[in-house]
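Participant: Quick one: structure below, then a few questions.
The values are calculated or read from the model by the stated rules, or taken from the named source; none is laboratory data. Not measured: the values here are computed from a predicted model. Cβ coordinates were reconstructed from backbone atoms using ideal geometry, including for glycine residues, and neighbour counts include every protein chain displayed.
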C-alpha cells in the first residue's frame, strides 16, 4: 500500500511541478505583486514531502521493521 501511495503522490507532485512551470512562463500576478507561481508552488512541494514519507515507510516495511498501521492511514 505504501508503494502505491508513494507512486501516486510522486505523480501528483510531478504534474504540480508542470503547473508551476506553466505559471512561471505565463508570468501572471496572483494579488498585489506576488506572482501566481509562488501561490501554486505549495502543491508539488507538499506532495513531494508526502511522497518521501510513504517511500520511507515502504522501505522500512521492506527491510523488516514494524510500522504502526495507524501511521499509514
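Participant: From the residues in the range 27-44 that are surrounded by fewer than 14 Cβ atoms within 10 Å (Cβ to Cβ) and part of a helix (DSSP H, G or I), which one is modelled with the lowest pLDDT?
Facilitator: Per the stated criteria, the residue is 38.
Participant: For the condition under 17 Å from residue 52 (Cα atoms), in a helix (DSSP H, G or I) and either modelled with pLDDT under 95 or under 18 Å from the mean Cα position of the chain (by Cα) (or both), what is the one hit in 24, 11?
Facilitator: Step by step, each of 24, 11 is checked, and only 11 is under 17 Å from residue 52 (Cα atoms), in a helix (DSSP H, G or I) and either modelled with pLDDT under 95 or under 18 Å from the mean Cα position of the chain (by Cα) (or both).
Participant: Consider residue 60 against the criteria (1) touching a helix residue (DSSP H, G or I) at 6+ places or on another chain (Cβ under 6 Å); (2) assigned to a helix (DSSP H, G or I); (3) modelled with pLDDT under 90: it satisfies all of them except one. Which criterion is unmet?
Facilitator: With (1) touching a helix residue (DSSP H, G or I) at 6+ places or on another chain (Cβ under 6 Å); (2) assigned to a helix (DSSP H, G or I); (3) modelled with pLDDT under 90 applied to residue 60, the lone miss is (1).
Participant: Could you tell me whether residue 49 is modelled with pLDDT of 90 or more, within 21 Å of the chain's Cα centre (by Cα), exposed (fewer than 13 other Cβ atoms within 10 Å of the Cβ) and part of a helix (DSSP H, G or I)?
Facilitator: yes
Participant: What pairs come out if I take residues in the range 39-53 that are touching a residue at least 12 places away in the same chain (Cβ under 8 Å) and at positive phi and pair them with residues that are surrounded by fewer than 16 Cβ atoms within 10 Å (Cβ to Cβ) and assigned to a helix (DSSP H, G or I) whose C-beta lies under 7 Å away, six or more apart or interchain?
Facilitator: So the pair list comes out empty.
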